[in-house]
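The values are calculated or read from the model by the stated rules, or taken from the named source; none is laboratory data. Everything numeric in this text was worked out from a predicted model, so none of it was measured. Counting neighbours? That spans all protein chains shown, and the Cβs are built from the backbone with ideal geometry, glycine included. For the accessible areas, the whole protein counts, side chains as well, though only heavy atoms, and no ligand, DNA or RNA atoms are used. Shrake-Rupley method; radii C 1.70, N 1.55, O 1.52, S 1.80 Å.
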Amino acid sequence: MTTTVVSAGHTSTGLTAGLGDVVQVLGTASGTTVSNGGTQSVFSGGTARRTVVSNGGQELVSSGGTASGTVVSSGGVEYVYTGATTTGT
């Protein structure tokens, strides 16, 4: 159970979140896989690209955050809050 922070101005690729792991995105996260109780939170100014959310994983996109190309498969959930931007989900 870990928390990974992608800071503003930074890019992380290929992260994995499961079993209570949390990815906090204030910069750019690309190709994250979220499943089995993992969470990716995209905050204002953050961008998540090509995230795969499945089997008990969740992605939360807050106001001012951006998610593009998200794939939500069986058992996954994406929450998009007012003021967030999503494309190609």
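Of the residues making up region 50-89, those that are open to solvent by less than 30 Å² (accessible area, probe 1.4 Å), touching a residue at least 24 places away in the same chain (Cβ under 8 Å) and closer than 19 Å to THR3 by Cα are VAL53, GLY57, GLU59, VAL61, GLY65. Within region 26-49, the set of residues being in a loop (DSSP other than H, G, I, E, B), in contact with a strand residue (DSSP E or B) (Cβ under 8 Å, 6 or more places away or on another chain) and open to solvent by less than 60 Å² (accessible area, probe 1.4 Å) comprises GLY27, GLY31, THR32, SER35, GLY38, GLY46. Applying the condition of being of a type in the set (A, V, I, L, M, F, W, C) and within 9 Å of the chain's Cα centre (by Cα) to region 23-50 and asking which residue is nearest to VAL80 (Cα to Cα) yields VAL42. Each residue in region 1-20 was checked for being polar (S, T, N, Q) and surrounded by 14 or more Cβ atoms within 10 Å (Cβ to Cβ), and 3 pass.
Report yes if some residue within region 63-75 is over 9 Å from the mean Cα position of the chain (by Cα), aliphatic (A, V, I, L, M) and in a strand (DSSP E or B); otherwise report no. There is at least one residue in region 63-75 that is over 9 Å from the mean Cα position of the chain (by Cα), aliphatic (A, V, I, L, M) and in a strand (DSSP E or B).
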